[in-house]
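The numbers here are math on the coordinates, done by the rules we state, and not lab data. What you are looking at is a predicted structure, and each value in this text was computed from that prediction instead of being measured. All Cβ positions, glycine included, derive from the backbone under ideal geometry; neighbour counts span all protein chains shown.
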Ligand code: NAD
């Protein structure tokens, strides 16, 4: 039995920001080794199975994803905590001696002050852990505004840090929705904002935050395309990968595959879609706590109704076929649950005009809402094209560019795809190529606002600023003297 105590939620945004502002001088002056040591203890704590289970329990309860998936959610965040333990190394600056007689210059990376994180519902542990551990490792203090739809994982994650002796005010949690975000966006003591969520909200956060002199990094929506070369991709593993990446977590992953483009002969493509339908039909929909369940509920009744409406419009108004329709699924004991079964929308054969080389206009069939909109549900849109160039052309013409994957056993095709595709994360026989935190999470096109990535080197750049100091010291016969500051020519 797990119980959650409310531990530290400032009653107002201003209280939280003030607490973080007041804690900043002491925390930023705390030696980086001590900051790293606290994070190392934190990582050790999170690694304990019973701790991960406690967080995962709340994720499954509030978000609905399966318990195994929720454990993975915590683990992927923990990896960023691990990487934050080497912040001192990553914060090393630059130095150059003797720029003129007695003149040396050194460039330091210093903290910013109060940083804010605004997180989405779909990874209640991983995404907050992309944010505050690295920020505080770099000497900042933090205000986290978790998703109002699944806030308990964030509350627990911050509580653990408090329990380990983190000084008061270093990391604070405020709960709320739009009004809370609005206050944070304009607060004069906030220096930087990390946002992960939808385009509508993220573009607003980016605009208002920047207008109010904040640094803003924003990871936004996605429509991740898979390209499958039907003549040479490994069929069994590719079908399994596609089904897992499209329908796992009820399709509510920013790196979920939501479009599959089958490249090659038209009949071959039909056979692949039939196999995919069979695999998707075999997935079990239900309560995420039940062993053997593959697909949990969607986050809300609104999200489910919106996805169902897109399916309806796609089929009834735009003429797509629907070889697998997950609408109307009923899960025993949860008759009013937000369940939508795996759904496949087939747009059929798509011809790109004068394609040979990937040119020409986009066919009207791609205006179909199942293709054009981010559904963020267990819905996969499939289509087929004759050439790899067509598949790359379609993928690149899409407004989003979070991830793209190719499935093939041809090194040349994989190399061409890797080189030409416009996506932040590229997978080659890897359906969800989220980079480990040695690298950064790298979106492209409308999937990102701002130019500094989350975690990795990008994260350290985001959470630090450069201070460049030039000094002039001369040693002359036992005394210290100032030299001239004339630059050599
Ligand atoms: P969301 O945009 O609805 O909410 C994100 C955050 O913004 C929440 O904390 C929420 O409280 C706040 N918010 C909501 N409406 C607001 C408003 N009108 N004004 C100010 N703040 C507001 O996103 P979501 O539904 O929680 O998450 C799903 C979205 O996140 C999808 O679009 C998904 O693609 C995206 N996402 C992207 C990534 C990535 O790395 N690119 C990762 C995860 C999720």
## Note on the structure
Using alpha carbon centers only, segment 232-255 is separated from segment 287-304 by a whole-angstrom value of 17
### Task
Once you have a ≥ b ≥ c as the square roots of the Cα gyration tensor eigenvalues for segment 154-228, tell me rounded if a/c is under 1.5, and otherwise prolate or oblate according to whether a/b is larger than b/c.
oblate
### Query
How far is the Cα center of segment 439-461 from the Cα center of segment 135-151, in Å?
17
### Summary
Shape descriptor, segment 110-196: equivalent ellipsoid semi-axes (Cα gyration tensor, sqrt 5λ, whole Å, largest first) stand at 18, 17, 11
### Query
What's the exposure ranking of 235, 21, going from fewest to most Cβ atoms within 10 Å?
235, 21
### Task
Please work out whether segment 72-131 counts as rounded, prolate or oblate from its C-alpha gyration tensor, where a ≥ b ≥ c are the square roots of the eigenvalues and a/c under 1.5 means rounded, while otherwise a/b larger than b/c means prolate and anything else oblate?
prolate
### Label point distance in nm, residue 334-residue 415, each placed 7 Å from Cα along Cα→Cβ
4.7
### Ranked by how many other beta carbons lie within 10 Å on average, peptides 414-420, 441-447, 271-277 from highest
441-447, 271-277, 414-420
### Query
In which sequence would 454, 289, 247 go, from the one with the fewest C-beta neighbours within 10 Å to the one with the most?
289, 454, 247
### Task
Please grab the % of Cα pairs in segment 405-454 that end up more than 13 Å from each other.
60
### Task
Would you mind listing how long segment 105-259 runs along its three principal axes, going by Cα atoms, in whole Å with the largest first?
57, 43, 36
### Message
If packing is taken as the average count of other Cβ atoms within 10 Å, what order do 87-94, 139-146 fall into, highest mean first?
### Response
139-146, 87-94
### Query
R0 = 60 Å: FRET efficiency of residue 399 with residue 476, Cβ-based, nearest 0.05?
0.40
### Query
Which stretch or stretches of segment 314-350 have amide N atoms under 18 Å from the point lying 7 Å from residue 284's Cα along the Cα→Cβ direction?
329-335, 339-342
### Task
Express in whole angstrom the spacing between the alpha-carbon centres of segment 64-95 and segment 395-421.
27
### Query
Can you put 302, 332 in order, fewest other beta carbons within 10 Å first?
332, 302
### Message
Sorting check: for 468-475, 213-220, 366-373, which peptide has the highest mean count of neighbouring beta carbons within 10 Å, and how do the rest follow?
### Response
213-220, 366-373, 468-475
### Query
Given the chain reduced to its alpha-carbon atoms as identical point scatterers, what log10 I(q)/I(0) does the Debye formula return at q = 0.07 Å⁻¹?
-0.42
### Query
Which value does Rg/Rh take for segment 171-310 over its C-alpha atoms, Rh per Kirkwood?
1.11
### Task
Give me the percent of Cα-Cα pairs in segment 271-387 that sit more than 21 Å apart, rounded to a whole number.
44
